[in-house]
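Undergrad: To start, I am sharing the structure in question, which I have written as structure tokens.
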Amino acid sequence: MGALSKIPHSCYEIGHTWNPSCALSALEITRGALEVSFKIYAPLYLIAAVLRRRKKDYYLKRLLPEILWSTSFLTANGGLYIVFFCILRKLLGGFYPWSAGFGSALPASYIAILLERKSRRGLLTIYMTNLATETLFRMAVTRGILKPIKHGEVLLFCITASLYMFFFRSKDGLKGFAFSALKFIIGKEEIPTHSGTTDHVKWWPVLTCAPRPFFLSRCKHGPRHRCCKHYQDNCISYCVKGFVRMFSVGYLIQCCLKLPSAFRQMFSKPSRLPSLFYNKENFQLGAFLGSFVSIYKGASCLLRWLRNIDDELHALIAGFLAGLSMFFYKSTSISMYLFSKLVETMYFKGIEAGRFPYFPHADTVIYAISTAICFQAAVMEVQNLRPSYWKFLLRLTKGRFAVMNRHLLDVFGTQASRDFKGFVPKLDPRFTTILPVLSE
């Protein structure tokens, strides 16, 4: 069947199939989104406050307003979508391939992001841009425009890690959270001092006469290049220690992520509790982080031995090789997110250097467009949307996103109902349009 350009069905027949009233449908979506949004942001802000060691004054005066602020943003994003869905249908007299998803979500997302705090807009924009890029790639693959690259997420991570590590080694290359995070992961030994004062520190271990365990003694007296700054260890133990440390961190992070579900099953299925500690994903994340650090440190030391200098360009090679660690923990989400953050970093560096123009309110516009792209996929081709985001949309709308009448949208040629073959909405014939049967 050839793809049509417009269908004259009502918003009730396609969108809010559970209720023929546009106003009541929007109210139900908004009420459900409000409840879910509060449940999402309340523990999120509370945990963040505890981790940041906020003072009592914050809990009394700022915590609840910030929770409600973000709750209103997410609620508006969900509620306004169905509002513009109905408005566009009335204005256009039907549905075009772009109006049910992209067209309705664009103004809704733009208004919603303006309700959010400015300090959070950048992070939300990065996340949605990452998601929209992945969605567009999947759409292109489905249409045969692009072909997926085998282990493409690993290759992207290698390139991203290479550039990140180069900026990390460069003077004034990275600032803020990115620098602090890499300093924690890699260690301060790989940060150039740019001061030439390393000789004073170099002989500190020799002047220390306190007794050491045999293992620490072996670590100290092995081979170490004169340019290496890991003065407490030789090059081999330096890499091994880096692996053990970050393997432990990755293992513990994954355990903590599984704690909530483990507590829920503690009484109903106590036999599953040991799986919290022996889960395969725990070891995969640990191996990923541990091998990333050890490969980077090992490659950096090897290059210092081979070239007899400590060069910032070493970070490009070492970072790329370290990126191969993603074979232990393949994740398109991680690769895309870090790549998006890298592009953002390079863009702002270009602005500082006067090479790129600055666009005010660019984050709000990009967020709106990115979210609209994801909603377009959620309506017209959910098979190309990241499954975790689709589950989030179902949660936000209390499952109502899945009861759209996508069979009527199949005429646009995107296989909108492919994952909803068994669903046929029960519509009230008093509020439906009478149309001739569409034949192939």
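Undergrad: So in the range 115-152, with the set limited to residues that are more than 17 Å from the chain's Cα centre (by Cα) and β-branched (Val, Ile, Thr), which one is nearest to Thr332 (Cα to Cα)?
TA: Within the range 115-152, the match that is nearest to Thr332 (Cα to Cα) is Ile149.
Undergrad: Just checking, does the range 153-167 include any residue being among the polar types (S, T, N, Q), modelled with pLDDT under 85 and either more than 21 Å from the chain's Cα centre (by Cα) or assigned by TED's automatic domain parsing to the domain that holds His314 (or both)?
TA: Scanning the range 153-167, I find no residue that is among the polar types (S, T, N, Q), modelled with pLDDT under 85 and either more than 21 Å from the chain's Cα centre (by Cα) or assigned by TED's automatic domain parsing to the domain that holds His314 (or both), so the answer is no.
Undergrad: Let me ask something additional. Only one of (1) at pLDDT below 70; (2) closer than 25 Å to Phe327 by Cα is not met by Pro260, so which one is it?
TA: The single condition Pro260 does not satisfy is (2).
Undergrad: Checking the structure you have, find out if any residue of the range 82-101 is among the polar types (S, T, N, Q), in contact (Cβ under 8 Å) with a residue 60 or more places away in the chain and assigned to a helix (DSSP H, G or I).
TA: no
Undergrad: Any residue at all in the range 35-49 that is under 23 Å from Met380 (Cβ atoms), part of a helix (DSSP H, G or I) and at pLDDT 95 or above?
TA: The answer is no; no qualifying residue exists.
Undergrad: Return yes when Phe184 is surrounded by fewer than 13 Cβ atoms within 10 Å (Cβ to Cβ), of a type in the set (A, V, I, L, M, F, W, C) and at pLDDT 85 or above and no when it is not.
TA: Details: surrounded by fewer than 13 Cβ atoms within 10 Å (Cβ to Cβ): yes; of a type in the set (A, V, I, L, M, F, W, C): yes; at pLDDT 85 or above: yes.
Yes; evaluated as a whole, the condition is true for this residue.
Undergrad: Has the range 419-436 got any residue that is within 25 Å of Ala26 (Cβ to Cβ), of a type in the set (Ser, Thr, Tyr) and modelled with pLDDT of 90 or more?
TA: Checked against the condition, which is being within 25 Å of Ala26 (Cβ to Cβ), of a type in the set (Ser, Thr, Tyr) and modelled with pLDDT of 90 or more, the range 419-436 yields no hits at all.
Undergrad: I've got another one for you. Could you look through the range 347-376, keep only residues that are touching a residue at least 24 places away in the same chain (Cβ under 8 Å) and more than 18 Å from the chain's Cα centre (by Cα), and pick out the one that is surrounded by the fewest Cβ atoms within 10 Å (Cβ to Cβ)? Show your work before the answer.
TA: Residues of the range 347-376 touching a residue at least 24 places away in the same chain (Cβ under 8 Å): 363-376.
Now narrow it down to the ones that are more than 18 Å from the chain's Cα centre (by Cα): 365, 376.
Details: Val365: 16, Gln376: 27.
Going through the qualifying residues, I end up with Val365.
Undergrad: Which count do you get for residues in the range 105-138 that are over 22 Å from Val343 (Cα atoms) and in a helix (DSSP H, G or I)?
TA: Total meeting the criteria: 10.
The values are calculated or read from the model by the stated rules, or taken from the named source; none is laboratory data. Not measured: the values here are computed from a predicted model. Every residue, glycine as well, gets a Cβ built from its backbone with ideal geometry; the counts of neighbours run over all protein chains shown.
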